[in-house]
Amino acid sequence: MSKYRVAVVSLGYESYETEKEILDPLGAEIVLATRDCLTEQEVIDVAAGADAILVREAPIGARVLDRLDRLKVVARYGVGVDNIDLGRAKEKRIYVANVPGYGTEEVSDHAVALLLACVRTLLVRDRRLREGRFETDIQDPLYRTTGKVLGLIGYGRIGRAFHRKWKGFLPGRVLVFDPYAHDRIPEESGVETTDLDTLLAESDYISIHAPLTPETRHLIDEHGFQRMKRTAVLVNTSRGEIVDEPALVKALQEGTILAAGIDVFEKEPIEKTHPLLALPNAVLTGHVGWYSKDAVRELQTRAAQEIARVFQGQQPICWVNRW
């Protein structure tokens, strides 16, 4: 009989051999859901008798935490933990651990790619060429990237990585809005910290790298779009709810901003009838900015290692709900 039971309530990886290699030596049995758990009851059913849960998006609310008497740790495959009731987990002394930084290079790469695709209208060009339209007489509003003002909303790991990569395009000023990082940004970084309204008004390119919190939900709303330049490009690879989607659609339709590159949406998966899908000045991808084979391997390894630490009487390294 296994000493520990580990329930995987969110699927999505080709194999779970990585987790088994780490947890098998500790006497842990890994139980896989047959499909993604979408409700708390489904989580409870799969995780009955579990000592640990591995989760992506499945809801881990108070009801789940109260019903699973043996639960010691919840490890999140990723960074955000807004699907987990941290307060209740803390009350019950259940560790919640995440895996920050695993996709820093991937997400920042993706944000740069989205921005370039928007600035150079790559998808529109590709589509027209496939339709038989070989156009050298270009009338679209294309602008040089060199010297443009870059605005970064959030200057954590991914924001800094984006900045490092974009330096090769020789930007002009680099503006940063991040109330939590102002005191930790060294002068030699070459950025100017500012308020949100100033960043929105003065930036040519705006890339969002902030976590979703009550304060950042709909941080970019209709007022924010009205502040932006008509030639501005917005990129969001962070969380969909940070941008008010109806306001984004309106801004793109009316030419309030030039274009947007979006990897995350308020509701995922995005509905097939969503108006963003019909807009040529929106470059869209389906929450894949984090992905690479290397990132997945790191993600699975570090999440399993956090569970192993708890089973061995240690605290997680990336412990979210500290007490």
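The values are calculated or read from the model by the stated rules, or taken from the named source; none is laboratory data. Everything quoted here is computed from the prediction, not taken from an experiment. No Cβ is skipped: glycine too gets one built from the backbone with ideal geometry, and neighbour counts run over all protein chains shown.
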Please tell me if Asp126 is closer than 19 Å to Arg230 by Cβ, without any contact (Cβ under 8 Å) to a residue 24 or more places away in the chain and either surrounded by 12 or more Cβ atoms within 10 Å (Cβ to Cβ) or charged (D, E, K, R) (or both).
-> no
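Would you call Ala58 touching a strand residue (DSSP E or B) at 6+ places or on another chain (Cβ under 6 Å), of a type in the set (Gly, Ala, Ser) and surrounded by 16 or more Cβ atoms within 10 Å (Cβ to Cβ)?
Details: touching a strand residue (DSSP E or B) at 6+ places or on another chain (Cβ under 6 Å): no; of a type in the set (Gly, Ala, Ser): yes; surrounded by 16 or more Cβ atoms within 10 Å (Cβ to Cβ): yes.
Judged against the criteria, Ala58 is not a match.
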All but one of (1) loosely packed, with under 14 Cβ neighbours inside 10 Å; (2) closer than 16 Å to Ser108 by Cα hold for Glu187; which doesn't?
-> (2)
Restricting to helices (runs of 4 or more DSSP H) lying wholly in region 214-323: which have 2 or more residues that are out of contact with any Leu (no Cβ under 9 Å at 6 or more places or on another chain) and within 30 Å of Arg5 (Cβ to Cβ)?
-> 293-311
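Regarding region 85-95, can at least one residue be identified that is in a loop (DSSP other than H, G, I, E, B), surrounded by 19 or more Cβ atoms within 10 Å (Cβ to Cβ) and not assigned by TED's automatic domain parsing to the domain that holds Ile185? Even if it seems obvious, please write down each step before you answer.
Going through region 85-95, the residues in a loop (DSSP other than H, G, I, E, B) turn out to be 85, 92-94.
Subsequent filtering for residues that are surrounded by 19 or more Cβ atoms within 10 Å (Cβ to Cβ) retains 85, 94.
Adding the requirement that they be not assigned by TED's automatic domain parsing to the domain that holds Ile185 leaves 85, 94.
So far as region 85-95 goes, yes, one or more of its residues are in a loop (DSSP other than H, G, I, E, B), surrounded by 19 or more Cβ atoms within 10 Å (Cβ to Cβ) and not assigned by TED's automatic domain parsing to the domain that holds Ile185.
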Does Val243 satisfy being surrounded by 22 or more Cβ atoms within 10 Å (Cβ to Cβ) and either in contact with a Cys (Cβ under 9 Å, 6 or more places away or on another chain) or outside the structural domain of Val149 (by TED's automatic domain parsing) (or both)?
-> no
Flag if Leu68 is hydrophobic (A, V, I, L, M, F, W, C), free of Cβ contacts under 8 Å to residues at least 60 places away in the same chain and either within 16 Å of Gly289 (Cα to Cα) or out of contact with any Phe, Trp or Tyr (no Cβ under 8 Å at 6 or more places or on another chain) (or both) | yes
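So, of the residues in region 266-297 that are of a type in the set (Asp, Glu) and surrounded by fewer than 16 Cβ atoms within 10 Å (Cβ to Cβ), which turns out to be farthest from Val243 (Cα to Cα)? Let's see the steps before the verdict.
Residues of region 266-297 of a type in the set (Asp, Glu): 266, 268, 271, 294.
Those still in the list that are surrounded by fewer than 16 Cβ atoms within 10 Å (Cβ to Cβ) too: 268, 271, 294.
Working: Glu268: 14, Glu271: 17, Asp294: 29 Å.
By that ranking, first place goes to Asp294.
Okay, residues lined up against (1) of a type in the set (A, V, I, L, M); (2) in contact with an Asp or Glu (Cβ under 6 Å, 6 or more places away or on another chain):
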site: Ile242; (1), (2): yes, no
site: Glu245; (1), (2): no, yes
site: Asp263; (1), (2): no, no
site: Glu268; (1), (2): no, no
site: Pro275; (1), (2): no, no
site: Asn281; (1), (2): no, no
site: Val288; (1), (2): yes, no
site: Val320; (1), (2): yes, no
Select from region 280-323 the residues that are of a type outside the set (A, V, I, L, M) and closer than 30 Å to Ile257 by Cβ and list them in ascending order.
-> Pro280, Asn281, Thr285, Gly286, His287, Gly289, Trp290, Tyr291, Ser292
Residue by residue through region 187-205, note down the ones that are closer than 20 Å to Leu170 by Cα and either assigned to a loop (DSSP other than H, G, I, E, B) or within 16 Å of the chain's Cα centre (by Cα) (or both).
-> Gly190, Val191, Ser203, Asp204
Has region 274-296 got any residue that is farther than 21 Å from Leu116 by Cβ, within 22 Å of the chain's Cα centre (by Cα) and modelled with pLDDT under 95?
-> no
Closer than 16 Å to Val112 by Cα, surrounded by fewer than 18 Cβ atoms within 10 Å (Cβ to Cβ), charged (D, E, K, R) and at pLDDT 95 or above - does that describe any residue in region 166-176?
-> yes
